[in-house]
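Values in this text are rule-based calculations from the coordinates and carry no lab data. Note that the coordinates shown come from a computational prediction; the quantities given were computed from them, not determined experimentally. Glycine gets a Cβ as well: all are built from the backbone with ideal geometry, and neighbour counts include every protein chain shown.
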Amino acid sequence: MQLALASLRKQAGLSQALLAERLGLGQSFVSKIERGEAYIELTLFTDWCRACGAKPGAVLDGLLAQLPDQPHPVLRPSAVLKDELPSLASAQTEIQGHGPR
């Protein structure tokens, strides 16, 4: 996503400093977003797109089109949690001083 945001800014002919000014942010924060070191909220995403002259929905559609059809395992916490429950229960029992069951 950060590459798409940087590309959008560059296509609009904006420097990080000018975009930051339009958004009421510091240039260093814009840089962190573009480097993937800071997360961007939906409202800032829409403001970013509009400041670059793009429609947020169209940009989002383009990003979604690049995603694989199957969700990434990290995006399915129930699957991860299900695999971790036995070890979490065991660890909690040991921490409480009851030993393994």
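The table for this structure:
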| read-out | value |
| --- | --- |
| Sum of side-chain charges, Q27 neighbourhood, beta-carbon under 11 Å (Lys, Arg +1; Asp, Glu -1) | -1 |
| Fewest-first ranking of V59, V30, using other Cβ atoms within 10 Å as the exposure measure | V59, V30 |
